[in-house]
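Have a look at the structure below before the remarks.
The values are calculated or read from the model by the stated rules, or taken from the named source; none is laboratory data. Values in this document were obtained by computation on a predicted structure and should not be read as measured data. Here the Cβ positions follow ideal geometry from the backbone for every residue, glycine too, while neighbour counts run over all protein chains shown. Remember, those area values only see protein heavy atoms, side chains included, never the ligands or the DNA or RNA. Shrake-Rupley method; radii C 1.70, N 1.55, O 1.52, S 1.80 Å.
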Amino acid sequence: MTTTQTATGERADLLASLARHREFLRHTTRGLTDEQAAVRPTVSALCLGGLIKHVALTERQWTR
């Protein structure tokens, strides 16, 4: 059973902030191929594709 609720208060603010920052990330990676998103431009193990996967997983966990 699925219910639809409108977020209010702090939850609405958090969801709006997540949406805004998610758009920043999507704008940064727009037009990249999978290979380009996998490139590690620094000595860090972090790449843009990995960052996107991490953000998506974290958001899913937070919103549950």
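Things to note:
- Accessible surface, the chain, averaged per residue in Å² (probe 1.4 Å): 89
- Within the accessible surface of the chain, defined with a 1.4 Å probe on protein heavy atoms only, the carbon and sulfur portion equals 57 percent.
- Label separation (THR6 vs THR42): 4.2 nm, computed from points 7 Å beyond Cα along the C-beta direction.
- Computed from the Kirkwood radius of its Cα pairs, the Stokes-Einstein diffusion coefficient for the chain at 10 °C and 1.306 mPa s stands at 116 µm²/s.
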